[in-house]
Number of protein chains: 2
Amino acid sequence: MGLIVQKFGGTSVGSVERILNAAERVIEEKQRGNDVVVVVSAMGKTTDELVGLAKQISAQPNKREMDMLLTTGEQITISLLSMALNEKGHEAVSFTGWQAGISTEHIHGNARILDVKKERIQEQLKNGNIVIVAGFQGVTEAGEITTLGRGGSDTTAVALAAALHADKCDIYTDVTGVFTTDPRYVKEARKLFSVSYDEMLELANLGAGVLHPRAVEFAKNYHVPLEVRSSIEREAGTIIEEEVSMEQNLVVRGVAFEDEITRMTVFGLPNSLTSLATIFSTLAKHRINVDIIIQSTTSADTTNLSFSIKSEDFHEALQVLANNKTVLNYERIESEAGLAKVSIVGSGMISNPGVAAEMFEVLAASGIQIKMVSTSEIKVSAVVEEQQMLKATEALHQAFELSGTKVQL
Amino acid sequence: MGLIVQKFGGTSVGSVERILNAAERVIEEKQRGNDVVVVVSAMGKTTDELVGLAKQISAQPNKREMDMLLTTGEQITISLLSMALNEKGHEAVSFTGWQAGISTEHIHGNARILDVKKERIQEQLKNGNIVIVAGFQGVTEAGEITTLGRGGSDTTAVALAAALHADKCDIYTDVTGVFTTDPRYVKEARKLFSVSYDEMLELANLGAGVLHPRAVEFAKNYHVPLEVRSSIEREAGTIIEEEVSMEQNLVVRGVAFEDEITRMTVFGLPNSLTSLATIFSTLAKHRINVDIIIQSTTSADTTNLSFSIKSEDFHEALQVLANNKTVLNYERIESEAGLAKVSIVGSGMISNPGVAAEMFEVLAASGIQIKMVSTSEIKVSAVVEEQQMLKATEALHQAFELSGTKVQL
């Protein structure tokens, strides 16, 4: 008898019918003799509807109050799922983030989990109850309600799995697993049997969308085995774990892509040792995630700095930089929106120095201009025009033989 | 500079437009130099929609989970009102029941407030913030979310006013005050300038609907002056306070009515000293409110007992009595649904013994049969057929000259 954490995303609990279906999956696990902790997101479009209400009142609603508003979404789902389990003859108890002991830092809209006070959940498991926890939300030491930002429910699930020493954390979603690339856009995409945390981290970071990188990182750090699987289809998903024994023959495991990227370039920064640290710590203080960074020194005195951000953060990033112009001491800022990032990922790359070169050749052969490049040990990313994103993805997917028979299903 | 508690009911915050309107009323009070604490209900039909979701899953949803579900309604309103105040340039902070320190007993669906831990609200008032509190909800010592049942938001407002020693508690609603009878049904109804707590208590208890009796009782016990007023019209409402100096010449101050009443009769109870106590403590344990009670001893050994309850409680009441048949030792139960209660209220009755008789004469002259009667020092109630409720109300309203010029407006 073990302990399983299950997470159901917004579409998997998007209607009463879906909630009843999720309840069936919970009961199946319980009937295998396991203790079950379930983490759920808000129902389907609930969050969007709540955001819509807020936007009718304020163009830029107070972040604390947005957290107050949005956390009701998951609270609705936990109560309904608990009722569904009751109705099907199973004892269940639902907990909001604060009740479940999800303790976070005091930042609204994008808080990190600091601790999980697990006693209350453990007590309910001991009583034989299925425990249902609202994802995406937590509470500060001062009793303020916070949200975890993007991928928050995944992070809640993995954090609980880690804290409770769960045997496994199952991520139920609307796809059947992790694919070599997004099957909604590239029909040759194939499901992977398993991937390593690092590969998944790159795939997730690069917009594969199935699982948030924060959650993968958390899982990696605490050695929580994950499985991404369908909440509807009863088939094996994709296991995410430390050691991937199969498919090692493949250098590239997947092609990820992400649109709505903006490149900002700051010209004429003083060529000092602290310049870069200052600019990025200023942005970080405002929770703006910078992805690719390119520095080019143009003279002995000044340097130019390009970086990519999500287009939705552009307005705030520009404002933050403008507000700190005196301290940062730059000349001017230029920007280019309408960009996308395409990346190849695979742990086999470490020993294959020619992979990046091959990627650039493939893109060049397809007439795709590369705007920025970034590499790590297991991935290579290229920023391209948004209109060319899928063309680039398909070319790379084919060139690295991902749709071929070498992929294990 | 004082402290005002304002309460806005469901219709007064039923849309974004209404919330913006409520924000204006809050700001007016703040600009008079007062500290303001605002208590709000769920937006319009939100609670009904949430109940509808639950009913799709379970015919009798778990009460704990219903509380979890329903409390999201007020949480949505507090965040939106807070955003509206921010947008209009005022600092505001919203609190759920548990954040506002509304401590209740551990009963789901109908908990009573045990204590208000007011430090967190006081701290925010000290910082110059408008404080917005979710009505209807609280938290137990064990951290369980509870709801206060009917009239819960009124009760929250009065409890906060009492705990914070507020100068006044304004109940903003969709009517302009307390009337001699329900103006939606009786066009001769007139607004009262002021009523005493006791009169309001009887009026509220009798279904006047404007303000819940629990809230009035709370206000009376803690000497909180109340005003019932319109959230739309800018006119004086009805003051509810200890001493009513005007209108003392009127014996009857108002006619209240309430439909959906069921009379239950328990036949053949043992004629023992503990019989009545046992039956009503059994019902009370299940939070079933019994209103009028009539006992008639038919033999030396047994007694028959009639009592009226809300029709919605009938199913549960019957079940509770059936489950306890062995202990209660009665013969059989009969019931009559489709009844209503019509009552005349006024503190002047104490010194007018003929008022009850006059009421019975008026009803008899209108051809209305009285099924049950109950009297207190300041009211007389008669249970009649539901179809005759409004006819009885109109006859009494006219007979006691409530639409006449004697009423102060």
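Rg and Dmax of region B:89-162, Cα atoms, in Å?
12.1, 40
Can you list residues whose amide H is under 5 Å from B:Val39's amide H, if they're 5+ apart or on another chain and H is modeled 1.01 Å from N?
Sorted by chain and number, the residues that satisfy this are B:Gln6, B:Lys7, B:Phe8, B:Val133.
In whole angstrom, note down how far apart the Cα centers of region B:263-315 and region A:69-120 are.
42
Describe numerically, in nm with one decimal, the distance between label points set 7 Å from Cα along Cα→Cβ at B:Ala142 and at B:Gln387.
5.0
Which residue in chain B puts its Cβ closest to the axis that rotates chain B onto chain A, and at what distance in whole Å?
Taking Cβ atoms only, the nearest residue and its distance are B:Thr72, 2.
Give me a single rounded figure for A:91-103: the average over its residues of other chain Cβ atoms within 10 Å of their Cβ.
3
With a cut-off of at most 15 other beta carbons within 10 Å, and DSSP calling the residue loop, which trypsin sites (Lys or Arg not before Pro) in region B:1-98 qualify? Please list them.
Those that pass, being in a loop and sparsely packed, are B:Arg32, B:Lys45, B:Lys88.
Out of all Cα-Cα pairs in region B:297-340, roughly what percent, to the nearest whole number, are more than 12 Å apart?
So the pairs more than 12 Å apart make up 68 percent of the total in region B:297-340.
Treating only the Cβ atoms of Lys and Arg (+1) and Asp and Glu (-1) as charged, compute the dipole magnitude of the protein assembly as shown about its Cα centre; round to the nearest 20 debye.
Its charge dipole is roughly 140 debye.
Rounded to the nearest 100 Å², what's the accessible area chains B and A bury against each other, both chains counted, probe 1.4 Å?
3200
Averaging the inverse of every distinct alpha carbon separation and then flipping it gives the Kirkwood radius. What is it for region B:1-87, in angstrom units?
Evaluated on region B:1-87, it is 14.0 Å.
Helix A:16-31 sits at what angle to the longest principal axis of chain A, using alpha carbons and giving 0 to 90 degrees rounded to 10?
That helix lies at roughly 70 degrees to the long axis.
Relative to the other copies, what are the label-point distances for A:Ala322, with labels 7 Å from Cα along the C-beta vector, expressed in nm at one decimal and sorted shortest first?
Copy-to-copy label distances at A:Ala322, shortest first: 7.1 nm.
Test of understanding: extend the Cα→C-beta vector of A:Ser272 to 7 Å, then name every residue of region A:307-347 with backbone N under 19 Å from that spot.
Residues A:321-333 qualify, since their backbone N sits under 19 Å from the label point.
Assuming 1.306 mPa s and 10 °C, estimate D for chain A with Stokes-Einstein, Rh taken as the Kirkwood radius over Cα pairs, in µm²/s.
Here the translational diffusion coefficient equals 70 µm²/s.
Could you give the spread of the C-alpha atoms of region A:252-293 along their three principal axes, from largest to smallest, in whole angstroms?
So the extents along the principal axes, rounded to whole Å, are 40, 21, 19.
Assume the label is 7 Å from Cα along Cα to beta carbon: what separations in nm does B:Gly143 have to the matching positions in the other copies?
So the label point of B:Gly143 gives 1.4 nm to the other copies.
So who's got an amide H within less than 5 Å of the one on B:Gly109, skipping anything under 5 residues away but keeping other chains? H placed 1.01 Å off N, in plane.
B:Thr147
From other protein chains only, count the Cβ atoms within 10 Å of every residue's Cβ in B:59-68, then give the mean.
Partner Cβ neighbours, averaged per residue: 6.
Too long at a 18 Å Cα-Cα cut-off: which of A:Lys285/A:Lys341; A:Lys341/A:Lys391; A:Lys310/A:Lys371; A:Lys126/B:Lys63; A:Lys30/A:Lys191?
A:Lys285/A:Lys341; A:Lys126/B:Lys63; A:Lys30/A:Lys191
Can you compute 3J(HN,Hα) from phi for each residue in region B:59-71, using the Karplus curve 6.51 cos²θ - 1.76 cosθ + 1.60 with θ = phi - 60°, rounded to whole Hz and x for Gly and Pro?
Each residue's phi maps through the Karplus curve to give 5, 10, x, 3, 5, 4, 6, 5, 4, 4, 6, 5, 5 Hz.
If you line up the long axis of helix B:355-365 against the longest principal axis of chain B, both from Cα atoms, how many degrees apart are they, to the nearest 10?
Between the helix axis and the principal axis of chain B, the angle is about 70 degrees.
When the helix-only estimate is applied to chain A (DSSP H runs of n ≥ 4, each -39,500 (n - 2.57), divided by the residue count), what is the mean residue ellipticity at 222 nm, nearest 500 deg cm²/dmol?
About -10500 deg cm²/dmol.
For the pair B:Lys325 and B:Asp167, what calculated FRET efficiency results from E = 1/(1 + (r/R0)^6), where r is the Cβ-Cβ distance and R0 = 51 Å, to the nearest 0.05?
Efficiency at R0 = 51 Å is approximately 0.45.
How many angstrom lie between the C-alpha centres of region A:152-177 and region A:328-356?
Distance between centres, Cα-based: 29 Å.
Could you list which residues have their amide H under 5 Å from that of B:Ser94, counting only those 5 or more apart in sequence or on another chain, with H placed in the peptide plane?
B:Ile132
Can you compute 3J(HN,Hα) from phi for each residue in region B:103-114, using the Karplus curve 6.51 cos²θ - 1.76 cosθ + 1.60 with θ = phi - 60°, rounded to whole Hz and x for Gly and Pro?
Calculated HN-Hα couplings, in order: 9, 10, 6, 8, 9, 8, x, 7, 7, 9, 6, 9 Hz.
Determine the principal axes of the Cα atoms in region A:3-174, then give the extent along each, sorted from largest to smallest and rounded to whole angstroms.
Each principal axis gives a Cα extent; for region A:3-174 these are 49, 33, 22 Å.
Give the Rg (one decimal place) followed by the Dmax (whole number) of region B:271-382, computed from C-alpha coordinates and expressed in Å.
In Å, with Rg to one decimal and Dmax whole: 16.3, 46.
Let's test this: bin the Cα-Cα distances of the protein assembly as shown at 10 Å from zero up to the farthest pair and state each bin's percent.
2, 12, 18, 20, 17, 12, 8, 6, 4, 1, 0, 0
Put +1 on the Cβ of each Lys and Arg and -1 on the Cβ of each Asp and Glu in region A:3-174; which of A:Gly44, A:Ile113, A:Thr11 then has its Cα farthest toward the positive end of the dipole?
Positive-end residue among those listed: A:Ile113.
Take B:Glu377 and B:Glu28, extend 7 Å from each Cα along the Cα→Cβ direction, and tell me the distance between the two endpoints in nm.
3.7
Add +1 for every Lys or Arg and -1 for every Asp or Glu among the other residues with Cβ under 14 Å from the Cβ of B:His90, and state the total.
Taking every Cβ under 14 Å from that of B:His90, the sum is -3.
At 1.4 Å probe radius, can you tell me the per residue accessible area of chain B in Å²?
41
Could you give me the ³J(HN,Hα) list for region B:322-339, computed from phi with Karplus coefficients 6.51, -1.76, 1.60 and θ = phi - 60°, whole Hz, x at Gly and Pro?
For region B:322-339, the Karplus curve yields 5, 5, 10, 4, 4, 5, 6, 6, 9, 8, 7, 10, 10, 8, 9, 9, x, 10 Hz.
Provide the percentage of antiparallel DSSP beta bridges, counting only those with both residues in the protein assembly as shown; round to the nearest 5.
Antiparallel bridges: around 65 percent, rounded to the nearest 5.
Distances from A:Leu276 to the same residue in each other copy, label points 7 Å out along Cα→Cβ, in nm, shortest first?
The answer, with the shortest distance listed first, is 8.8 nm.
The values are calculated or read from the model by the stated rules, or taken from the named source; none is laboratory data. A quick note: this is a predicted structure, and the numbers were derived from the prediction, not measured. Don't worry about glycine lacking a Cβ; one is built from the backbone with ideal geometry, like all the others, and counts go over all protein chains shown. The accessibility values were calculated without ligands, DNA or RNA, using every heavy atom of the protein model including side chains. Shrake-Rupley method; radii C 1.70, N 1.55, O 1.52, S 1.80 Å.
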